[in-house]
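All remarks here apply to the structure that follows.
The values are calculated or read from the model by the stated rules, or taken from the named source; none is laboratory data. Please read these numbers as outputs of a predicted model, since none were measured by experiment. Here the Cβ positions follow ideal geometry from the backbone for every residue, glycine too, while neighbour counts run over all protein chains shown.
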Amino acid sequence: MALAVVVDPYVTGSVVAARLARATLESFDPVMRPLLTGQQFFIKLADGRWHPQGCQLGLCQCFDYGDLLAPVERGFDRRAANETCHAGRACTCGRGC
């Protein structure tokens, strides 16, 4: 059985609407799971990881592209590769994005 390679087609600063994969959700505390279930916005960081946009719930965890289910880009145009994360706002997640 061949392994499927997940290719992330998005540039830094892209915002997608997606759900977290079930295995990823199950890694969280049972109290947090219902809050993270369902579609939410994620923004692509310069290091290639994805962060919930706006740091909802104070969550300072980033995710790999493979952790996102059925990502759909927000809007029609992709953001420039040099645009800052968090849609140009100051980073509040503590990672110094």
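Key figures for this structure:
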{"item": "For Met1: the one exception among (1) more than 23 Å from Glu73 (Cβ to Cβ); (2) modelled with pLDDT of 90 or more", "result": "(2)"}
{"item": "Tally, over the range 15-40, of residues that are without any contact (Cβ under 8 Å) to a residue 12 or more places away in the chain, in a helix (DSSP H, G or I) and surrounded by 15 or more Cβ atoms within 10 Å (Cβ to Cβ)", "result": "0"}
